[in-house]
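Single-structure report; data block below.
The values are calculated or read from the model by the stated rules, or taken from the named source; none is laboratory data. In this text the structure is predicted, and so the values were computed from the model without any measurement. Cβ sites come from the backbone with ideal geometry, for glycine too, and all protein chains shown count toward neighbours. For accessibility, only protein heavy atoms count, side chains too; no ligands or nucleic acids. Shrake-Rupley method; radii C 1.70, N 1.55, O 1.52, S 1.80 Å.
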Amino acid sequence: MTENRISDSLLYQQPRVLHAGDSALTVELGDAVDVCVNEAVVALEQNISEAAIEGVLETIPTYRSLQVIYDPARIRCRELITRLSGILPRSGQGVVTSRRWVIPVCYGGEHGMDLEFVAGVHNLTTNEVIRIHSEAEYRVYMIGFAPGFAYLGGLPEALHTPRRDNPRTLTPARSVSLGGIQAAISTMPVPSGWHMLGQTPVRTYDLSHRQPFLLQTGDRIRFE
């Protein structure tokens, strides 16, 4: 477990609270894909958990916002906004980020059909792509799109690659891929315009477990 500190360089001075239907609020904390903004999202989720607000059912973190789902029969919207205003993360607040993971990957071949393409785009060898990709440390910015699908920040600039012009209608489960400035780990067969570098045997989503999601926002990952 590690503790980070929130910087306020890219945070809104006053978070925006948006209504999402009659039983959810979205709290926007910044407008950039940035570590300090995402740390603030994690901190707010942490503060809500510690406050144990009656009527709050679930929180869903994203890159720069947190959705708070609540039961309007147990807490009124106005009261919830007031409660949230009192526990917004402060600059310098410590944030406990979850775990550090080492994820094994089988690169290339049938497991990573785009490895050679990515190497060619950047005038690299496939071994250089693997080295650059596996030496970086990634941050889980959010889980979304499909159950357990992890969006990762920290992809080295040398591997930034526009997404495919023609997305595949189906890619294998547990694919390790990249698209634009991001990397990702999928959990199940999904359509994708990302470039597949490899596959991992690790199941990051398993309904047979009490906690089906292995990864969560704020986790750190290295590939090997």
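Descriptive notes on the structure:
- With all protein chains in place and a 1.4 Å probe, the accessible surface of the chain carries 50 percent carbon and sulfur.
- Comparing Cα centroids, the range 135-174 and the range 34-59 end up 24 angstrom apart.
- Comparing I103, C77, P189 along the charge dipole axis of the chain, the residue lying farthest to the positive side is C77, per the Cβ-charge model.
- All-pairs alpha carbon distance profile, the range 93-224, 5 Å steps from 0, percent: 2, 11, 22, 26, 20, 11, 5, 2, 1, 0
- Alpha-carbon Rg with Dmax, taken over the chain, Å: 18.8, 60
- Solvent exposure of the chain amounts to 51 Å² per residue of accessible area, where only protein heavy atoms count and the probe is 1.4 Å.
- Rounded to 0.05, the FRET efficiency of the E28 and E224 pair, given R0 = 30 Å and the Cβ-Cβ distance, is 0.25.
- Protection proxy ranking, peptides 118-124, 199-205, average beta carbon neighbours within 10 Å, highest first: 199-205, 118-124
- Over the chain, relative contact order from alpha-carbon pairs under 8 Å, at least 6 apart, %: 20 percent
- Using the Cβ-Cβ distance between H160 and M188 with R0 = 22 Å, the FRET efficiency computed as 1/(1 + (r/R0)^6) comes to roughly 0.25.
- Two tests apply to each whole DSSP H helix in the chain, Cα reach of 18 Å or more along its axis and mean Kyte-Doolittle hydropathy of at least 0.0, and the ones passing both are 35-51.
- Loop-located GluC sites (Glu not before Pro) in the range 36-122 (DSSP state other than H, G, I, E, B) with a sparse environment of at most 13 neighbouring Cβ atoms within 10 Å: E54.
- The charge dipole of the chain, taken about its Cα centre with unit charges on the Cβ of Lys, Arg, Asp and Glu (plus for the first two, minus for the last two), comes to roughly 260 debye.
- Expected 222 nm ellipticity per residue - DSSP helices of 4 or more, -39500 (n - 2.57), all of the chain, to 500: -6000 deg cm²/dmol
- Options L207, V176, M113, ranked by Cα towards positive dipole end of the range 81-216, top entry (Cβ charges): L207
- Subtracting the Cα-Cα distance of I87 and A52 from 0.36 nm times their residue separation leaves 11.5 nm of extension gain.
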